[in-house]
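Beneath this line is the structure, given in structure tokens, with notes to follow.
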Amino acid sequence: MEKVSSLIFITGGVRSGKSSFAERVAVDMAESCGGKLHYLATGVQSDDEMRKRIVKHQQDRAGGKHHWITVEQSVQIGKLGKYFTDRDIILLDCVTTLLNNELFISEREWDKSFLKKVTENIITGIMDIKSRAKKTIVVSNEVLNVPVDGNKLVFIYGKILGHIHQQLVKEADQAYLVEAGIPILMKGVKG
Amino acid sequence: MHFVTGGAFNGKRAWVKKSYLVQDYDGWISAYDHRPLPEKLEDDQDLLILEGIEKWLKGLSVEYEAKQCLEIWNSYLDLWTSWEKAKTDRKIVIIGTDITKGIVPMEAENRNWRDITGWAYQDLAKRSEQMDVIWYGLNQKIK
């Protein structure tokens, strides 16, 4: 019996197939247990390239036989929590975009209280959605296997992202690292 | 020797603290505290933890050619291995951040540093009895 309100964390490199895998997990879940599929879109259509990426992801989802409800929220995703119930399957793709939005949209100075707020918005936002929905699948990027000490912004960004990822893995029922399309189960048992 | 690696901010330090039951430990030597690579090892401790070796390797890479860096690095590995062998139950834990998976750095010195770090980690892994990769707090024992 599937546990109610579970969290799955999925990460991988650029073009590793992490989004496709995450969608498959969501669709499998919908097929086996029912539930409405929701895509939580975090991307801001800032330029033409981003628009094209968003359209491609939309077409990929529209191509399947399942109906996805797209919900757009670029910051403070916790606000969405109250709209979801234990019938809903939520796919959030991805945490790094969300972090970029939180950090850069407001053009605020990166002081301690702001960074704390940003981190909280993301972690408690996801946990809030998770506690209400049937299943929450969160996708992120592997970007921390590089030097981070050369630039202060990179250092702070890396520190926050690492902290968020560690928290999500801790809370997750399952955690996957996707390498070249192949998901490696890092935590939990296969559902 | 026990080599612990993984990306930045992945929880390597916390994992080592938890695994070796140490908190504020005298035998913890960190490059992040601007301490030099230890030339001589103390005899009154059985557990030494060296943290931030990528930073020490950067220091070497600025001063020496790649080949020389690796020679110096291996002489440290010799030193550490013989310190471990001099007494039973001695152990050195070495923590190094993986900095090798980004795009090719623009600056020659950073390319050089990255290459040297990759090679040095291979040498270290070869000579370690145990190696763990830490991924957001979880360890994967790969040797």
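Read-outs: derived from the displayed coordinates by stated rules, not from any lab. Here the structure is a predicted model, which means the values were calculated and not measured. With ideal geometry, Cβ positions are generated from the backbone for all residues, glycine too; neighbour counts draw on all protein chains shown.
Miscellaneous remarks
- DSSP beta bridges fully contained in region A:6-187 are about 15 percent antiparallel.
- Per-selection Rg to Rh, chain B - Cα, Kirkwood hydrodynamic radius: 0.95
- Shown for chain B are the DSSP H helices of 15 Å or more along their axis, judged by Cα atoms, with a mean Kyte-Doolittle hydropathy of at least -1.0: B:53-63, B:66-85.
- At an R0 of 35 angstrom, the distance between the Cβ atoms of B:LYS18 and A:LYS117 translates into a FRET efficiency of 0.75.
- Degrees, to the nearest 10: A:18-33 long Cα axis against longest axis of chain A: 30
- For chain A, the longest principal axis of the alpha carbon atoms and the long axis of helix A:152-171 meet at an angle near 30°.
- For chain A, the normalised intensity computed at q = 0.08, 0.18, 0.19 Å⁻¹ comes to -0.24, -1.33, -1.49 (log10 of I(q)/I(0), Debye sum over alpha carbons, equal scatterers, no solvent).
- Counting only Cα atoms, the protein assembly as shown measures 65, 44, 38 Å along its principal axes, largest extent leading.
- Take the Cβ atoms of B:ASP26 and B:ILE72, set R0 to 22 Å, and the FRET efficiency comes out at 0.30.
- Among B:95-103, B:62-70, the order from most to least packed when residues are scored by Cβ within 10 Å on average: B:95-103, B:62-70
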